[in-house]
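Where a number appears in this text, it was derived from the coordinates with a stated rule and is not lab data. Quick caveat: nothing in here was measured; it's all calculated off a predicted structure. All Cβ positions, even for glycine, are placed from backbone atoms using ideal geometry, and neighbour counts span all protein chains on display.
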Amino acid sequence: MTIHTTAVSSSIATRRGLSSVRIAGCRLPESYCEFAATHGYGRFGGLVIIYSGAPEHPDSVLAQGARVKGFIDDATAEGCFEFEPDGDEVVASRLYPFAASENGEYFAWDLNERRKDEYSIYCIGARMAGLRYAAESLGELLEKLCSASIKDVMGPGYTPLLPTFEGL
């Protein structure tokens with residue numbers, strides 16, 4: 001899929017820098033590293049904010065991911081997380097966010113479901129209202145978001161996004 005860049009990102013991480021980043025001892029997935037080194041931090045399809053791969057950035061995958069991971073853990077502990085249709089408390093405990101929609105959904109890697117250099121991706125509904133399996137890689141996720149499959153990932157109220165990227 002060709003992604004049309006509408007504005008250049010202020011935070012593009014280097015491949016070398018990305019290779020040293022660890023989340024709970026895990027390397028970043030290859031598809032995320034490729035995206036972060038090519039496009040950087042910004043908004044995909046006018047809707048999804050993909051966190052920066054640069055650790056020093058305030059909206060980095062480390063800073064924002066950890067903050068949202070705390071929300072997930074709190075919602076799970078307080079019994080406020082709805083795990084249907086594709087998850088449970090165990091899956092939720094393994095998730096680490098790397099992106100968020102402007103409507104409140106989060107996209108997170110399951111750090112225990114590693115296949116080659118990738119982790120399974122889940123979509124967490126706004127206000128922790130649902131957990132849906134989304135994709136095997138960031139590339140697959142972006143393709144689904146730009147097709148009718150967006151309804152399977154984010155819900156029936158969504159229409160396909162345009163393959164655009166606006167650097168922030």
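Only Cα pairs under 8 Å and 6+ residues apart enter the sum, and on that basis the relative contact order of the range 52-111 stands at 27 percent.
Given 37 °C and 0.692 mPa s, compute D for the chain with the Stokes-Einstein relation, Rh being the Kirkwood radius over Cα pairs; round to the nearest whole µm²/s. In µm²/s, the coefficient is 209. With the convex hull drawn around the C-alpha atoms of the range 38-134, the volume per residue stands at 99 Å³.
How much length is gained if the chain between ASN103 and ALA63 is pulled fully straight, taking 0.36 nm per residue apart and subtracting their Cα-Cα distance, in nm to one decimal? Don't skip to the end; give the middle numbers.
Details: separation 40, 0.36 × 40 = 14.40 nm, distance 2.00 nm.
Once the chain is fully extended between ASN103 and ALA63, it gains 12.4 nm.
Placing a label point 7 Å from the Cα of LYS151 along the Cα-to-Cβ direction, no residue of the range 38-59 has a backbone N closer than 16 Å. Computed over the range 115-155, the P(r) tail beyond 17 angstrom holds 29 percent of alpha carbon pairs.
Across the range 1-88, counting alpha-carbon atoms alone, Rg and Dmax equal 14.9, 42 Å.
Here the Karplus relation 6.51 cos²θ - 1.76 cosθ + 1.60, evaluated at θ = phi - 60°, turns the backbone of the range 94-107 into coupling constants of 9, 7, 9, x, 9, 7, 8, 8, 6, 9, x, 6, 10, 10 Hz, with x for every Gly and Pro.
May I ask you to compute the full-extension gain from GLU140 to ALA126, defined as 0.36 nm times their residue separation minus their alpha-carbon distance, rounded to one decimal in nm?
Additional length available on full extension: 2.9 nm.
For a quick check, take a GNM of the chain with Cα springs below 10 Å and name the residue from ILE121, ILE50, ILE23 with the largest mean-square fluctuation. Among ILE121, ILE50, ILE23, the largest mean-square fluctuation in the Gaussian network model of the chain belongs to ILE23. For THR5, the residues whose amide H sits under 5 Å from its own are PHE165, ignoring neighbours fewer than 5 places away on the same chain, with H placed 1.01 Å from N. Working note: Karplus 6.51/-1.76/1.60 with θ = phi - 60° gives the range 23-30 the couplings 10, 6, x, 9, 6, 6, x, 4 Hz, where Gly and Pro are set to x. Calculated FRET efficiency, THR38 to GLU84, Cβ-Cβ distance, R0 = 30 Å: about 0.30 to the nearest 0.05. A helix-only calculation puts the chain at -8000 deg cm²/dmol for mean residue ellipticity at 222 nm, using -39500 (n - 2.57) for each DSSP H run of at least four residues, averaged over all residues.
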